[in-house]
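Quick one: the structure is below, and I'll ask about it shortly.
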Amino acid sequence: MLKRIRTASLEIAYQETGLAGGPPVVLLHGFPYDVRAYDGVAARLAPRCRVLVPYLRGYGPTRFLSPETMRSGQQAALGADLLAFLDALGIERAVVGGYDWGGRAACIVSALWPERVLGLVSVGGYNIQAIARAMEPHDPEAEHRFWYQFYFHSERGRRGLERNRAALCRLLWRLWSPTWRFSDDEYARSAASLESPDFVEVVIHSYRHRFGLVPGDPGLETLEQRLAAQPDLVVPAVTLAGADDGVDPPKGPPERFRDLRGHHTVPGVGHNLPQEAPDAFAAAVTALL
């Protein structure tokens, strides 16, 4: 069921399914995906959990309340949005899980407000950005996979995303999940969320801010300073990785997790792990309940 709730800056649209009195589980999608990534996971968790899947800022029907609010895509904004979402719904503690942008939000709340987190499922491990080290090059194999980020640093890239967002994002789906044979209908259902009027601005800011190329929202600077310390994760956690992830290949058990309950590399799966392997993602959540 699609619902909406207001925070200080957003009207967040979200899907809610499952057991109303069950343990709350908040699942967060990445770029360039949407809540449909969790349909299979939610169906598996629904008999015992209250499952909430919000559209991130800049996606689908989630909207900014004021035209004056900065359309920031920085990591602090994503974490602050998740915390505000929990507050608005009166959820004291939840299992949080995600990948890509959503994994970053889940890791941030788990690191800075661990008292709000029952458990964490993070695809790709420790997802908090070390922006101060963003200009240190990776090895060439990794660098070529980040071409889209460098593309978005230019105005040509901004216009390319604006004009060709459906084709560009479909290309990213294909490159990042080379073994997933998603259908035209599967892509179209999620691609509709990329037509949000704020999508381009939020995405461009995200990929410029993470490289220190543009300033962030001044109201989030204190939070960014806390994230710059690269805080450890003390909550119970399970990490996942897709063996065939075309943008973030598996690297082995992650660091900075002080209560890691399991780390699993899922064979035959790419970047969009919850949609490609809902059984594995649901099992990781269940292990933390």
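Values quoted throughout were computed directly from the atomic coordinates according to the rules given, and no laboratory measurement underlies them. Source: prediction; values computed, not measured. Quick reminder, even Gly has a Cβ in these numbers, built from the backbone with ideal geometry, and neighbours come from all protein chains shown.
Kindly provide the set of residues from region 78-105 that are of a type outside the set (Lys, Arg), under 12 Å from the mean Cα position of the chain (by Cα) and assigned to a helix (DSSP H, G or I), ordered by number.
Step one: filter region 78-105 for residues of a type outside the set (Lys, Arg), giving 78-92, 94-103, 105.
Restricting the remaining residues to those that are under 12 Å from the mean Cα position of the chain (by Cα) gives 78-79, 81-82, 96-103, 105.
Residues satisfying the conditions are Leu78, Gly79, Asp81, Leu82, Trp101, Gly102, Gly103, Ala105.
Could you give every pair whose Cβ atoms fall below 7 Å, whose first residue belongs to region 28-44 and is over 12 Å from Val123 (Cβ atoms) and in contact (Cβ under 8 Å) with a residue 12 or more places away in the chain, and whose second residue is assigned to a loop (DSSP other than H, G, I, E, B) and charged (D, E, K, R), counting only separations of at least 6 or pairs across chains?
Phe31/Asp100
Given the criterion among the aromatic types (Phe, Trp, Tyr), out of contact with any Asp or Glu (no Cβ under 6 Å at 6 or more places or on another chain) and more than 25 Å from Ala243 (Cβ to Cβ), identify the matching residue among Phe182, Phe150, Phe146. Break it down stepwise before answering.
On the way: Phe182 fails: more than 25 Å from Ala243 (Cβ to Cβ); Phe146 fails: more than 25 Å from Ala243 (Cβ to Cβ).
Selected residue: Phe150, the only one of Phe182, Phe150, Phe146 that is among the aromatic types (Phe, Trp, Tyr), out of contact with any Asp or Glu (no Cβ under 6 Å at 6 or more places or on another chain) and more than 25 Å from Ala243 (Cβ to Cβ).
Right, Val214: over 19 Å from the mean Cα position of the chain (by Cα), under 19 Å from Gly102 (Cα atoms) and surrounded by fewer than 18 Cβ atoms within 10 Å (Cβ to Cβ) or not? Break it down stepwise before answering.
Values: over 19 Å from the mean Cα position of the chain (by Cα): yes; under 19 Å from Gly102 (Cα atoms): no; surrounded by fewer than 18 Cβ atoms within 10 Å (Cβ to Cβ): yes.
Answer is no for this residue.
Restricting region 52-89 to residues that are aromatic (Phe, Trp, Tyr) and touching a Phe, Trp or Tyr at 6+ places or on another chain (Cβ under 7 Å), which is farthest from Arg6 (Cα to Cα)? Before you say what the answer is, go through the steps one by one.
So in region 52-89, the residues aromatic (Phe, Trp, Tyr) come out as 55, 59, 64, 85.
Then keep just the ones that are touching a Phe, Trp or Tyr at 6+ places or on another chain (Cβ under 7 Å); that gives 55, 59.
Details: Tyr55: 13, Tyr59: 15 Å.
Per the criteria, the residue is Tyr59.
Ok, one more. What's the total number of residues in region 253-289 that are part of a helix (DSSP H, G or I) and touching a Phe, Trp or Tyr at 6+ places or on another chain (Cβ under 9 Å)? If you could, list the steps in order and put the result at the bottom.
Residues of region 253-289 that are part of a helix (DSSP H, G or I), as a first pass: 273-276, 278-286.
Narrowing the set further to residues that are touching a Phe, Trp or Tyr at 6+ places or on another chain (Cβ under 9 Å) leaves 273-276, 278, 281.
The number of residues fulfilling the criteria is 6.
Also: Could you please tell me which pairs satisfy a Cβ distance under 7 Å, a separation of 6+ or placement on different chains, a first residue in region 242-271 that is of a type in the set (Gly, Ala, Ser), and a second residue that is part of a strand (DSSP E or B)?
Gly242/Val266; Ala243/Thr265; Ala243/Val266; Gly262/Val238; Gly270/Gly242
Hey, another quick one. Write out, first by first residue and then by second, each pair whose Cβ atoms fall under 6 Å of each other, whose residues are 6+ apart or on separate chains, and whose first residue, in region 89-113, is of a type in the set (Asp, Glu) while the second is buried (at least 24 other Cβ atoms within 10 Å of the Cβ).
Final answer for the pair search is Asp100/Gly30.
Of the numbered conditions (1) surrounded by fewer than 12 Cβ atoms within 10 Å (Cβ to Cβ); (2) without any contact (Cβ under 8 Å) to a residue 12 or more places away in the chain, Met135 satisfies every one except a single condition; which is it?
(2)
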